[in-house]
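K.L.:
Below is the structure I would like to discuss, written out as structure tokens.
The values are calculated or read from the model by the stated rules, or taken from the named source; none is laboratory data. The model shown is predicted, which means the values in this text are computed figures rather than measured ones. All Cβ positions, glycine included, derive from the backbone under ideal geometry; neighbour counts span all protein chains shown.
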Amino acid sequence: MTPRFDGRKGRWVGASVPRREDPRLLRGRGRFVDDIQLPGMLHAAFVRSTVAHGAITGIDLTATLAVDGVVAAYTAADLELGDIVALLDRPLEEFVPTAMPILAKEKVRFAGEPVALVVARDPYSAEDGVEAAVVSCEPLGAIVSEETAFAHGAPLVHEEAPGNVLVDVSMFDTSGVDAAFEAARAGGGCVVEVVTRSGRQNALPLETRGVVASWDDHDDQLLVRMCTQVPHQVRTAMARSLRVPERTVRVTVPDMGGGFGQKCVVGREEIAVAAVARLLHRPVKWIEDRREALTAGFLAREQRYRTRAAFDSGGRITALEADVVCDMGAYSCYPFTAGIEPLMASAEMPSVYQVPEYRVRGRAITTNKAPTAPYRGVSRPQYVLAIERVMERAARELGLDPVEIRRRNVITRFPYTGVNAITYDPGTYRESLDLAEATLRDEGWYEIRDGAAARGRHIGIGYCCFSERTGYGSGAFAQRKMTVVPGFDISEIRMDTTGSVVVTSGTMNHGQSHETTLAQIVADRLGLHLDQVKLRQGDTERIAYGWGTFASRSVTIGGSAVSRAADRLGEQLCAIAAHLLGTGQDNVRLDGDGGVVQVDDPARRASFEEIADVAYLRSHLLPKGVEPALSATASFDVPGDGTFSNATHAVVVEADPGTGQIRILRYACVEDCGVVIHPQVVDGQCRGGIAQGIAGALFEEITYAGNGDPSAASFIDYLVPTATEIPDITVAHLETPCAFTENGAKGAGEGGTIGAPAAVLNAINDALRHTGVELDTTPVHPQTVLTALDAASVPRREEASTPS
Amino acid sequence: MTDRHLIVLNVNGSEHEALVEPRRTLLDVLRHDLGLTGTHTGCEHGVCGACTVLVDGEPVRACLMFAVQAEAAEIRTVESLGRDGELSDLQQAFSDHHGLQCGFCTPGFLMLAEGFLAQRPDAGREEIREAISANLCRCTGYQTIVDAVSATAASRCRAREAGTCPVPEKEATP
Ligand code: FES
Ligand code: FES
């Protein structure tokens, strides 16, 4: 029998308690990497390639070293570091391993690639030093698109990857795919084919990457303070690259100004800086500037889907076939590899629909662009865009309402095992769709839309249904065949003599409120006041190996590990209390209020403080065999295929055919992330995610010129939406408690980003439904709309009203 | 660039000396010379607003101003908000409305809003939205920031009527 106080919904869980991280952040007393100043600290800056693809013929740092304030400058040859190599355990036909050197060696592979490192007394001199460096390169042809990558005789980004393909996996191919397509053609159904594309985006945490590394003689250890979502994986990769034992590297993470996935992979710059700090025995700081972040930070999202689907005459999907190409840029990221996007897309593309037959090919190609990393949602915004466009297209062909066709296809019986061999746990796919539609109907948006059409205005309504696998355990990651398999989390909880606890978690907060939400879980589990719980994260020396924060895993996996550790501590407390009260262990339980009571005589009680006092200060009173430590450690890994959050997004937009502008008039989100630990935080995650999804749908894109020059090197060219572009968003919650996690929660970090692009694009197409224009590519810039209208020979409004 | 100037800056009501190159930004001087790290660096080219401080009451991007230009001005940073470790009404409203997640943009938004509300104490929600569109936040989707600033404007208006406003109204700008 577990002595736990039921923590699913309690005094703290389910309440929007004040965030514990707020006071320091609001007073400007947070501590971010760039806030750290150490005596004798030097500053690093990188010499970066201006050429997208070229053979390095010379690096001249003479002038650099002559710059006032410059202390040293290094090339790859000076540092002799091991490369970063991310591997999949797949045959060579499916995966080609490549290496990412810390500094470019013989070759540069994208404009912005680090070639040399300058260290100076202050950041201004370091940049002067960078400016004085001369890198000579013999240009090789730049690969900037799928077409150039696949062209006959195209230059190779990596010699070892023929055809510029890093990953090529064909999956599922169930026996009835072709027959289903034939039957659809013959039997009054329809076959639709849609090519969807999404532009290259930057996750764009407002705080750029950064590191302060120093050699600590006292500990004989490299101390690396840096901005990362995955401190332990950085330590592993860094130790390997430096060829030192892991114990000689300690990674700590202070406050972090966002990450969104960009900081869940290992960057080369931080390793270079750490190596130099070790060489010089001086602290060295590097803070990525915005230009570097835009051109050389990890990017994401550039994908193309060719999707075919067969529907029967009743509007039910009978087969799905897809060809997915993900442009991963110049390097494969560690630890996830270039497989992260195509493998995610291939495995999960059927989404929330009952797809009986399925065949998919997923490829990762390498190009001369900044490398990619996971970004909030990882491929899901893209495959959801593809399948949601398919649904819309089929609805048009069959003359069905877009909501109705979804209703006929969504999974309604759970657990459901899909054609993709994934088992979905219970969710509210149908219910969220119904509620989202009812919301817009009740508010009169359908009348507004139809009335507007009569007056020549273009208002449209769009939906997107999706589920999101969260809480990927090691089983789910192992299916990807990564040689480094993320999944579990370990938590330790320790009580002090006053009955307060410190909890560790291997997850890493960067805005998601872990200090509050994980503490809420513990407080309820043990029956403590929230103020008696303190969370520690982000220190590889103090915290057991953890997998950091990504893939919405913090509350599902991290929170479950925390729950289990609290339960174990609860057992210890009960054991000691029973002894002190002179009763049996079966006769006590946690009372939910900082103590243990005797079940048959609730007047008899031992407070945690009394128990802790005995445990530490009067341990001679402990029962025989009980150790004088109120501390417990537990780990957690999600069993099976993980758990699935779901949502429906409903959007109303107006398209202005005169300017091509899209304005969002209404945004409603109905989501189900299981038990909601902190409603305000979940709403915040939804809204923030949706804002990033809208950014991908309408604004942000990094394109490349034919020679590999990126289009955006500053916020002047990279359009990040502001408060006037992002509308107010309502968030409604349905709660299907999760059976696989200790606290009933499913992940809530990424959903908003996943649903927004398809919902917005569908709404735009609905707005333009009378023009014959149908768009399948994001972002939809005003120019995109105008060009499409021109191509469809739709007169723009001014033109239409101007007598000719 | 060895040419250096000894300047005196008035920050949060105290005078600070700094020896700076003419090219050194106010942002770097505040953060790295004076140790006022509450003001953040997000882009160094005047777009994100993470570095917003008040210079003579006006929100200004500290990354676009050289420190030598700020002599003789009154500068206020996020560290000046609130008293005795207590949050100011605006800071409290950000917390109440979950107007911050990672908190990196927050000092910039606080100073932007503080400067804006001093000039437009009666601002409505749409006007506030327009004003805060000067700064970028990557986490919140802005709605809760608008909520926080609107709530502060409303409570200050009520307090002003009752004569208990915590923030003095600015003399009318010509
Ligand atoms: S840092 Fe000054 S506006 Fe971005
Ligand atoms: S709260 Fe993270 S950037 Fe605004």
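K.L.:
Quick check on segment B:34-59: of everything there that is surrounded by fewer than 18 Cβ atoms within 10 Å (Cβ to Cβ) and more than 10 Å from ligand 1 (Cβ to nearest atom), which residue is nearest to A:Arg290 (Cα to Cα)?
P.N.:
So the first thing to find is which residues in segment B:34-59 are surrounded by fewer than 18 Cβ atoms within 10 Å (Cβ to Cβ), and the list is B:35, B:45-46, B:56-58.
Of the ones still in play, those that are also more than 10 Å from ligand 1 (Cβ to nearest atom) are B:35, B:56-58.
Working: B:Gly35: 22, B:Asp56: 28, B:Gly57: 28, B:Glu58: 25 Å.
Of everything passing the filter in segment B:34-59, B:Gly35 is nearest to A:Arg290 (Cα to Cα).
K.L.:
Quick one: is A:Val638 within 30 Å of A:Glu348 (Cα to Cα), in a loop (DSSP other than H, G, I, E, B) and modelled with pLDDT under 95?
P.N.:
Details: within 30 Å of A:Glu348 (Cα to Cα): yes; in a loop (DSSP other than H, G, I, E, B): yes; modelled with pLDDT under 95: yes.
For A:Val638, the condition - within 30 Å of A:Glu348 (Cα to Cα), in a loop (DSSP other than H, G, I, E, B) and modelled with pLDDT under 95 - is met.
K.L.:
Can you tell me which residue within segment A:193-213, out of those that are buried (at least 24 other Cβ atoms within 10 Å of the Cβ), more than 14 Å from every other protein chain (Cβ to nearest Cβ) and small (Gly, Ala, Ser), is farthest from ligand 1 (Cβ to nearest atom)?
P.N.:
Applying the filter and picking the extreme gives A:Ser198.
K.L.:
Quick one: is A:Thr771 among the hydroxyl-bearing types (Ser, Thr, Tyr), touching a Pro at 6+ places or on another chain (Cβ under 8 Å) and surrounded by fewer than 24 Cβ atoms within 10 Å (Cβ to Cβ)?
P.N.:
On the way: among the hydroxyl-bearing types (Ser, Thr, Tyr): yes; touching a Pro at 6+ places or on another chain (Cβ under 8 Å): yes; surrounded by fewer than 24 Cβ atoms within 10 Å (Cβ to Cβ): yes.
Criteria met by A:Thr771.
K.L.:
Hand me the list of strands (runs of 3 or more DSSP E) wholly inside segment A:7-78 holding 3 or more residues that are within 14 Å of another protein chain (Cβ to nearest Cβ).
P.N.:
Details: elements: A:42-48, A:54-60, A:70-75.
In segment A:7-78, A:42-48 are the strands (runs of 3 or more DSSP E) which contain 3 or more residues that are within 14 Å of another protein chain (Cβ to nearest Cβ).
K.L.:
Sticking with this structure for a sec: Output yes when any residue across segment B:120-133 is in contact with a Pro (Cβ under 8 Å, 6 or more places away or on another chain) and within 16 Å of ligand 1 (Cβ to nearest atom), and no when none is.
P.N.:
Keep residues of segment B:120-133 that are in contact with a Pro (Cβ under 8 Å, 6 or more places away or on another chain), which gives none.
The answer is no, given that none of the residues of segment B:120-133 is in contact with a Pro (Cβ under 8 Å, 6 or more places away or on another chain) and within 16 Å of ligand 1 (Cβ to nearest atom).
K.L.:
Just to be sure I understand the filter: pairs with C-beta atoms under 7 Å, separated by 6 or more residues or on different chains, first member in segment B:60-88 and over 15 Å from B:Leu34 (Cβ atoms) and away from ligand 1 (no atom under 15 Å from the Cβ), second member in a loop (DSSP other than H, G, I, E, B) and hydrophobic (A, V, I, L, M, F, W, C). Which pairs pass?
P.N.:
Close Cβ pairs satisfying both conditions: B:Ser88/B:Leu81.
K.L.:
Next question, about the same structure. Of everything in segment A:258-317, what is in a loop (DSSP other than H, G, I, E, B), under 25 Å from the mean Cα position of the chain (by Cα) and surrounded by fewer than 24 Cβ atoms within 10 Å (Cβ to Cβ)? Give them in sequence order.
P.N.:
Within segment A:258-317, A:Glu288, A:Asp289, A:Phe298 qualify.
K.L.:
Got at least one residue in segment A:339-350 being hydroxyl-bearing (Ser, Thr, Tyr), more than 14 Å from every other protein chain (Cβ to nearest Cβ) and touching a His at 6+ places or on another chain (Cβ under 9 Å)?
P.N.:
Residues of segment A:339-350 hydroxyl-bearing (Ser, Thr, Tyr): A:346.
Now drop any that are not more than 14 Å from every other protein chain (Cβ to nearest Cβ), which leaves A:346.
Subset that is touching a His at 6+ places or on another chain (Cβ under 9 Å): none.
No, that holds for no residue.
K.L.:
Something else now. In segment A:697-742, how many residues are touching a residue at least 60 places away in the same chain (Cβ under 8 Å), hydroxyl-bearing (Ser, Thr, Tyr) and touching a helix residue (DSSP H, G or I) at 6+ places or on another chain (Cβ under 8 Å)?
P.N.:
Total satisfying the criteria: 4.
K.L.:
Test each condition in (1) within 16 Å of ligand 2 (Cβ to nearest atom); (2) in contact with a Lys or Arg (Cβ under 8 Å, 6 or more places away or on another chain) for B:Leu87 and report the one that comes out false.
P.N.:
With respect to (1) within 16 Å of ligand 2 (Cβ to nearest atom); (2) in contact with a Lys or Arg (Cβ under 8 Å, 6 or more places away or on another chain), B:Leu87 is out only on (1).
K.L.:
Kindly indicate which of B:Ala72, B:Ala67, B:Ala118, B:Ala113 is of a type in the set (A, V, I, L, M, F, W, C), surrounded by fewer than 17 Cβ atoms within 10 Å (Cβ to Cβ) and either in the same structural domain as B:Leu27 (by TED's automatic domain parsing) or within 25 Å of B:Ser14 (Cα to Cα) (or both).
P.N.:
Values: B:Ala67 fails: surrounded by fewer than 17 Cβ atoms within 10 Å (Cβ to Cβ); B:Ala118 fails: surrounded by fewer than 17 Cβ atoms within 10 Å (Cβ to Cβ); B:Ala113 fails: surrounded by fewer than 17 Cβ atoms within 10 Å (Cβ to Cβ).
Going through B:Ala72, B:Ala67, B:Ala118, B:Ala113 in turn, the sole match is B:Ala72.
K.L.:
I'm checking my understanding of the structure. Among residues of segment B:10-32 that are more than 10 Å from chain A (Cβ to nearest Cβ) and either among the aromatic types (Phe, Trp, Tyr) or outside any strand (DSSP E or B) (or both), which one is nearest to ligand 1 (Cβ to nearest atom)?
P.N.:
Within segment B:10-32, the match that is nearest to ligand 1 (Cβ to nearest atom) is B:Leu27.
K.L.:
Checking A:Thr98 against (1) polar (S, T, N, Q); (2) in contact with a Gly (Cβ under 8 Å, 6 or more places away or on another chain); (3) buried (at least 20 other Cβ atoms within 10 Å of the Cβ), which single condition isn't satisfied?
P.N.:
Against the list (1) polar (S, T, N, Q); (2) in contact with a Gly (Cβ under 8 Å, 6 or more places away or on another chain); (3) buried (at least 20 other Cβ atoms within 10 Å of the Cβ), A:Thr98 comes up short only on (2).
K.L.:
Could you tell me whether segment B:99-113 includes any residue that is in contact (Cβ under 8 Å) with a residue 40 or more places away in the chain and either more than 16 Å from ligand 2 (Cβ to nearest atom) or touching an Asp or Glu at 6+ places or on another chain (Cβ under 6 Å) (or both)? Quick ask: steps written out before the conclusion?
P.N.:
Taking segment B:99-113 first, the residues in contact (Cβ under 8 Å) with a residue 40 or more places away in the chain are B:99-100, B:104-105, B:107-109, B:111-112.
Those still in the list that are either more than 16 Å from ligand 2 (Cβ to nearest atom) or touching an Asp or Glu at 6+ places or on another chain (Cβ under 6 Å) (or both) too: B:104.
Yes, because at least one residue in segment B:99-113 is in contact (Cβ under 8 Å) with a residue 40 or more places away in the chain and either more than 16 Å from ligand 2 (Cβ to nearest atom) or touching an Asp or Glu at 6+ places or on another chain (Cβ under 6 Å) (or both).
K.L.:
Can you find a residue in segment B:124-134 that is away from ligand 2 (no atom under 16 Å from the Cβ), surrounded by fewer than 21 Cβ atoms within 10 Å (Cβ to Cβ), closer than 25 Å to B:Leu30 by Cβ and not assigned by TED's automatic domain parsing to the domain that holds B:Pro59?
P.N.:
Looking for residues that are away from ligand 2 (no atom under 16 Å from the Cβ), surrounded by fewer than 21 Cβ atoms within 10 Å (Cβ to Cβ), closer than 25 Å to B:Leu30 by Cβ and not assigned by TED's automatic domain parsing to the domain that holds B:Pro59, one finds none in segment B:124-134, hence no.
K.L.:
Being of a type in the set (Gly, Ala, Ser) and within 17 Å of the chain's Cα centre (by Cα) is the filter; apply it to segment B:138-161 and report the residue that is surrounded by the fewest Cβ atoms within 10 Å (Cβ to Cβ).
P.N.:
Taking segment B:138-161 and keeping what is of a type in the set (Gly, Ala, Ser), we get B:141, B:148, B:150-151, B:153-155, B:159.
Still in the running and within 17 Å of the chain's Cα centre (by Cα): B:148, B:150, B:153.
Values: B:Ala148: 27, B:Ser150: 20, B:Ala153: 23.
For segment B:138-161, the residue satisfying everything is B:Ser150.
K.L.:
Next up: Can you tell me how many residues within segment A:728-742 are among the charged types (D, E, K, R) and crowded, with 20+ Cβ neighbours inside 10 Å? Full working, then the answer.
P.N.:
Initially, segment A:728-742 is screened for residues among the charged types (D, E, K, R), giving A:728, A:735, A:742.
Remaining after also requiring crowded, with 20+ Cβ neighbours inside 10 Å: A:742.
Here the count works out to 1.
K.L.:
Continuing with this model, one more query. Inside segment A:600-623, can you point out the residues that are in contact with a strand residue (DSSP E or B) (Cβ under 8 Å, 6 or more places away or on another chain) and part of a loop (DSSP other than H, G, I, E, B)?
P.N.:
Scanning segment A:600-623 gives a single hit, A:Arg604.
K.L.:
Please list, ordered by residue number, the helices (runs of 4 or more DSSP H) wholly in segment B:55-174 having 3 or more residues that are among the polar types (S, T, N, Q) and within 11 Å of chain A (Cβ to nearest Cβ). Step through it out loud before you land on a result.
P.N.:
On the way: elements: B:89-96, B:106-119, B:125-132, B:143-162.
Counting at least 3 such residues, we get B:89-96.
K.L.:
Residue under question is B:Thr140, and the condition is that it be more than 16 Å from ligand 1 (Cβ to nearest atom) and closer than 30 Å to A:Arg209 by Cβ; does it hold?
P.N.:
Numbers: more than 16 Å from ligand 1 (Cβ to nearest atom): yes; closer than 30 Å to A:Arg209 by Cβ: yes.
Taking the combined requirement at face value, the residue satisfies it.
K.L.:
If a residue has to be part of a loop (DSSP other than H, G, I, E, B), buried (at least 24 other Cβ atoms within 10 Å of the Cβ) and at negative phi to count, how many in segment A:679-717 make the cut?
P.N.:
Step one: list which residues in segment A:679-717 are part of a loop (DSSP other than H, G, I, E, B), which gives A:700-703, A:705-709, A:711-717.
Cutting the leftovers down to buried (at least 24 other Cβ atoms within 10 Å of the Cβ) gives us A:708.
Still in the running and at negative phi: none.
Looking only at that region, the number is 0.
K.L.:
State the number of residues belonging to segment A:55-74 that are closer than 17 Å to A:Ala275 by Cβ and in contact with a Lys or Arg (Cβ under 9 Å, 6 or more places away or on another chain).
P.N.:
Residues flagged as closer than 17 Å to A:Ala275 by Cβ and in contact with a Lys or Arg (Cβ under 9 Å, 6 or more places away or on another chain) within segment A:55-74 amount to 1.
K.L.:
Here's something else I'd like to know. May I ask you to list the residues in segment B:33-54 that are more than 10 Å from chain A (Cβ to nearest Cβ), assigned to a loop (DSSP other than H, G, I, E, B) and within 16 Å of ligand 2 (Cβ to nearest atom)?
P.N.:
Selection gives B:Cys51 alone.
K.L.:
A further question follows. Across segment A:642-655, which residue is farthest from A:Cys686 (Cα to Cα) among those that are over 18 Å from the mean Cα position of the chain (by Cα) and of a type outside the set (A, V, I, L, M)?
P.N.:
Filtering first and then ranking leaves A:Glu654.
K.L.:
Answer yes or no as to whether A:Thr417 is polar (S, T, N, Q), surrounded by fewer than 22 Cβ atoms within 10 Å (Cβ to Cβ) and modelled with pLDDT of 95 or more. Break it down into steps so the answer makes sense when it comes.
P.N.:
Numbers: polar (S, T, N, Q): yes; surrounded by fewer than 22 Cβ atoms within 10 Å (Cβ to Cβ): yes; modelled with pLDDT of 95 or more: yes.
So A:Thr417 fits the description; yes.
K.L.:
So the check is Cβ under 9 Å with 6+ separation or different chains; which pairs have a first residue in segment A:420-439 that's over 26 Å from A:Arg359 (Cβ atoms) and a second one that's part of a helix (DSSP H, G or I) and of a type in the set (A, V, I, L, M)?
P.N.:
A:Thr428/A:Leu435; A:Leu433/A:Val403; A:Asp434/A:Val403; A:Ala436/A:Val403; A:Glu437/A:Val403
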